[in-house]
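Working notes, beginning with the structure itself.
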Amino acid sequence: MRVGIYAGSFDPLTNGHLNIIERSKGICDKLVVAIAINREKQPLFSVEERLEIINNYYKDDSSIEVVSFVGLLVEFCKAKGIYYIIRGVRNITDFEYEMAIATVNSKLNPEIETIFLMTKGEYAFISSKMVKEIASFNGDLTSLVPQFVIDKIQQKYSQERF
(Lines give C-alpha, C1' and ligand atoms only; values in the text may rest on other atoms or scores of the structure.)
Protein backbone atom coordinates (compact mmCIF):
# COMPACT_ATOMS: atom_id res chain seq x y z
CA MET A 1 0.00 0.00 0.00
CA ARG A 2 1.39 3.41 -1.01
CA VAL A 3 0.86 5.87 1.82
CA GLY A 4 1.58 9.53 1.20
CA ILE A 5 1.45 12.59 3.39
CA TYR A 6 0.41 16.13 2.57
CA ALA A 7 1.45 18.42 5.40
CA GLY A 8 0.77 22.10 5.98
CA SER A 9 -0.88 24.55 8.30
CA PHE A 10 -4.23 24.50 6.44
CA ASP A 11 -5.20 27.75 8.18
CA PRO A 12 -7.68 27.86 6.56
CA LEU A 13 -8.27 24.97 4.18
CA THR A 14 -8.44 26.41 0.63
CA ASN A 15 -9.62 25.19 -2.77
CA GLY A 16 -5.93 24.91 -3.69
CA HIS A 17 -5.35 22.50 -0.79
CA LEU A 18 -8.39 20.47 -1.80
CA ASN A 19 -7.12 20.26 -5.38
CA ILE A 20 -3.77 18.85 -4.22
CA ILE A 21 -5.50 16.39 -1.87
CA GLU A 22 -7.84 15.12 -4.59
CA ARG A 23 -5.03 14.71 -7.11
CA SER A 24 -2.83 12.99 -4.50
CA LYS A 25 -5.48 10.32 -4.08
CA GLY A 26 -4.63 9.21 -7.62
CA ILE A 27 -1.01 8.66 -6.59
CA CYS A 28 -1.45 7.09 -3.15
CA ASP A 29 -3.68 4.35 -1.81
CA LYS A 30 -3.96 6.30 1.43
CA LEU A 31 -3.22 9.97 2.06
CA VAL A 32 -2.44 11.41 5.47
CA VAL A 33 -3.35 15.09 5.64
CA ALA A 34 -1.13 16.36 8.44
CA ILE A 35 -1.53 19.68 10.20
CA ALA A 36 1.91 20.89 11.16
CA ILE A 37 1.88 22.67 14.49
CA ASN A 38 4.08 25.74 14.32
CA ARG A 39 4.23 27.51 17.67
CA GLU A 40 5.71 30.63 16.06
CA LYS A 41 2.60 31.31 13.94
CA GLN A 42 -0.60 32.91 15.18
CA PRO A 43 -3.27 30.81 13.44
CA LEU A 44 -6.82 31.91 12.80
CA PHE A 45 -8.11 28.44 13.69
CA SER A 46 -6.88 26.20 16.49
CA VAL A 47 -5.41 22.82 15.60
CA GLU A 48 -8.61 21.19 16.82
CA GLU A 49 -10.74 23.43 14.60
CA ARG A 50 -8.55 22.69 11.56
CA LEU A 51 -8.76 18.94 12.27
CA GLU A 52 -12.55 19.27 12.50
CA ILE A 53 -12.79 21.24 9.24
CA ILE A 54 -10.74 18.76 7.19
CA ASN A 55 -12.29 15.71 8.85
CA ASN A 56 -15.75 17.12 8.13
CA TYR A 57 -14.92 17.55 4.46
CA TYR A 58 -13.52 14.01 4.12
CA LYS A 59 -15.78 12.20 6.62
CA ASP A 60 -16.95 9.70 3.98
CA ASP A 61 -13.53 9.09 2.41
CA SER A 62 -11.67 6.16 3.97
CA SER A 63 -8.55 6.89 1.90
CA ILE A 64 -7.94 10.12 3.87
CA GLU A 65 -6.62 10.27 7.43
CA VAL A 66 -6.31 13.66 9.13
CA VAL A 67 -3.76 14.14 11.92
CA SER A 68 -1.63 16.82 13.53
CA PHE A 69 2.03 16.65 14.47
CA VAL A 70 4.87 18.61 16.03
CA GLY A 71 8.47 18.36 14.91
CA LEU A 72 10.25 17.26 11.77
CA LEU A 73 8.04 15.88 9.04
CA VAL A 74 10.58 13.19 8.11
CA GLU A 75 10.65 11.94 11.71
CA PHE A 76 6.85 11.79 11.75
CA CYS A 77 6.94 9.91 8.43
CA LYS A 78 9.52 7.46 9.76
CA ALA A 79 7.43 6.76 12.86
CA LYS A 80 4.31 6.17 10.72
CA GLY A 81 5.96 4.22 7.88
CA ILE A 82 5.22 6.89 5.27
CA TYR A 83 7.61 7.14 2.33
CA TYR A 84 5.97 9.74 0.07
CA ILE A 85 5.67 13.43 0.88
CA ILE A 86 3.30 15.36 -1.39
CA ARG A 87 3.99 19.08 -1.84
CA GLY A 88 1.87 21.55 -3.76
CA VAL A 89 3.77 24.14 -5.76
CA ARG A 90 2.10 27.35 -6.98
CA ASN A 91 5.04 29.22 -8.50
CA ILE A 92 8.82 29.38 -8.86
CA THR A 93 9.22 30.87 -5.38
CA ASP A 94 7.33 27.92 -3.88
CA PHE A 95 9.44 25.52 -5.94
CA GLU A 96 12.75 26.95 -4.71
CA TYR A 97 11.57 26.81 -1.10
CA GLU A 98 10.11 23.30 -1.43
CA MET A 99 13.19 22.02 -3.30
CA ALA A 100 15.44 23.13 -0.44
CA ILE A 101 13.22 21.38 2.10
CA ALA A 102 13.03 18.22 -0.05
CA THR A 103 16.83 18.15 -0.30
CA VAL A 104 17.23 18.44 3.47
CA ASN A 105 14.54 15.80 4.02
CA SER A 106 16.38 13.48 1.64
CA LYS A 107 19.57 13.94 3.66
CA LEU A 108 17.70 13.22 6.89
CA ASN A 109 15.95 10.16 5.47
CA PRO A 110 16.95 9.01 1.97
CA GLU A 111 14.08 6.47 1.87
CA ILE A 112 11.45 9.21 1.71
CA GLU A 113 10.54 10.65 -1.70
CA THR A 114 9.05 14.09 -2.22
CA ILE A 115 6.50 14.41 -5.00
CA PHE A 116 5.80 17.92 -6.30
CA LEU A 117 2.35 18.64 -7.72
CA MET A 118 1.89 21.87 -9.61
CA THR A 119 -1.24 23.62 -8.47
CA LYS A 120 -3.91 23.92 -11.15
CA GLY A 121 -3.85 27.38 -12.74
CA GLU A 122 -7.13 28.52 -11.24
CA TYR A 123 -5.72 27.94 -7.73
CA ALA A 124 -2.15 29.18 -8.25
CA PHE A 125 -2.85 32.58 -6.70
CA ILE A 126 -4.58 31.28 -3.55
CA SER A 127 -2.76 31.32 -0.23
CA SER A 128 -4.12 30.94 3.28
CA LYS A 129 -2.56 34.29 4.16
CA MET A 130 -4.43 35.95 1.28
CA VAL A 131 -7.71 34.30 2.35
CA LYS A 132 -7.31 35.64 5.88
CA GLU A 133 -6.50 39.13 4.58
CA ILE A 134 -9.60 39.19 2.36
CA ALA A 135 -11.74 37.77 5.16
CA SER A 136 -10.53 40.41 7.61
CA PHE A 137 -12.10 43.03 5.32
CA ASN A 138 -15.25 40.96 4.79
CA GLY A 139 -14.32 40.31 1.14
CA ASP A 140 -15.75 37.66 -1.20
CA LEU A 141 -14.13 34.26 -0.57
CA THR A 142 -16.39 32.14 -2.80
CA SER A 143 -13.69 31.27 -5.36
CA LEU A 144 -11.02 30.65 -2.73
CA VAL A 145 -12.47 28.26 -0.14
CA PRO A 146 -15.47 25.91 0.14
CA GLN A 147 -18.70 27.38 1.53
CA PHE A 148 -18.48 25.58 4.89
CA VAL A 149 -15.01 27.12 5.39
CA ILE A 150 -16.42 30.55 4.53
CA ASP A 151 -19.04 29.99 7.23
CA LYS A 152 -16.33 29.05 9.77
CA ILE A 153 -14.20 32.06 8.82
CA GLN A 154 -17.18 34.42 9.12
CA GLN A 155 -18.01 32.98 12.55
CA LYS A 156 -14.40 33.44 13.64
CA TYR A 157 -14.15 37.05 12.44
CA SER A 158 -17.56 37.99 13.88
CA GLN A 159 -16.37 36.68 17.28
CA GLU A 160 -13.18 38.73 17.04
CA ARG A 161 -15.08 41.93 16.21
CA PHE A 162 -17.05 41.76 19.48
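The values are calculated or read from the model by the stated rules, or taken from the named source; none is laboratory data. Here the structure is a predicted model, which is why all the values come from computation and not from measurement. A quick note on method: Cβ atoms are made from the backbone with ideal geometry, for glycine too, and the neighbour counts reach across all protein chains shown.
Mind listing just one residue for me: the one in region 136-149 that is in contact (Cβ under 8 Å) with a residue 12 or more places away in the chain and not in a loop (DSSP other than H, G, I, E, B) and, of those, surrounded by the most Cβ atoms within 10 Å (Cβ to Cβ)?
Ranking the qualifying residues of region 136-149, first place goes to Val149.
Which of the residues belonging to region 45-60 are closer than 24 Å to Ile112 by Cβ and assigned to a loop (DSSP other than H, G, I, E, B)?
Tyr58
Just to be sure I understand, how many residues within region 54-68 are touching a helix residue (DSSP H, G or I) at 6+ places or on another chain (Cβ under 6 Å) and in contact (Cβ under 8 Å) with a residue 60 or more places away in the chain?
Residues of region 54-68 touching a helix residue (DSSP H, G or I) at 6+ places or on another chain (Cβ under 6 Å): 66, 68.
After this cut, where a residue has to be in contact (Cβ under 8 Å) with a residue 60 or more places away in the chain as well, the list is none.
Going through region 54-68 one residue at a time, the tally reaches 0.
I'm trying to understand the selection: among the residues of region 109-126, which are surrounded by 14 or more Cβ atoms within 10 Å (Cβ to Cβ) and either in contact with a Leu (Cβ under 7 Å, 6 or more places away or on another chain) or in a loop (DSSP other than H, G, I, E, B) (or both)?
Those that are surrounded by 14 or more Cβ atoms within 10 Å (Cβ to Cβ) and either in contact with a Leu (Cβ under 7 Å, 6 or more places away or on another chain) or in a loop (DSSP other than H, G, I, E, B) (or both): Asn109, Ile112, Thr119, Lys120, Ala124, Ile126.
Among the residues of region 52-77, which ones are under 22 Å from Arg39 (Cα atoms) and charged (D, E, K, R)?
Passing the criteria: Glu52, Glu75.
Residue by residue, here is whether (1) crowded, with 17+ Cβ neighbours inside 10 Å; (2) under 26 Å from Gly26 (Cβ atoms); (3) touching a residue at least 24 places away in the same chain (Cβ under 8 Å) holds:
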{"position": "Val70", "(1), (2), (3)": "no, no, yes"}
{"position": "Tyr97", "(1), (2), (3)": "no, yes, no"}
{"position": "Ala100", "(1), (2), (3)": "no, no, no"}
{"position": "Thr103", "(1), (2), (3)": "no, yes, no"}
{"position": "Lys107", "(1), (2), (3)": "no, no, no"}
{"position": "Ile134", "(1), (2), (3)": "no, no, no"}
{"position": "Asp151", "(1), (2), (3)": "no, no, no"}
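Residue-by-condition table, conditions (1) assigned to a strand (DSSP E or B); (2) surrounded by 17 or more Cβ atoms within 10 Å (Cβ to Cβ); (3) of a type in the set (Lys, Arg); (4) within 9 Å of the chain's Cα centre (by Cα):
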residue	(1), (2), (3), (4)
Ala7	yes, yes, no, yes
Pro12	no, yes, no, yes
Ile20	no, yes, no, yes
Val33	yes, yes, no, yes
Pro43	no, yes, no, no
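Would you confirm whether any residue within region 19-28 is in contact with a helix residue (DSSP H, G or I) (Cβ under 8 Å, 6 or more places away or on another chain) and modelled with pLDDT of 95 or more?
Yes, there is a match, as at least one residue in region 19-28 is in contact with a helix residue (DSSP H, G or I) (Cβ under 8 Å, 6 or more places away or on another chain) and modelled with pLDDT of 95 or more.
Asp94 versus (1) assigned to a helix (DSSP H, G or I); (2) at pLDDT 95 or above: which is the lone unmet condition?
All conditions pass for Asp94, except number (2).
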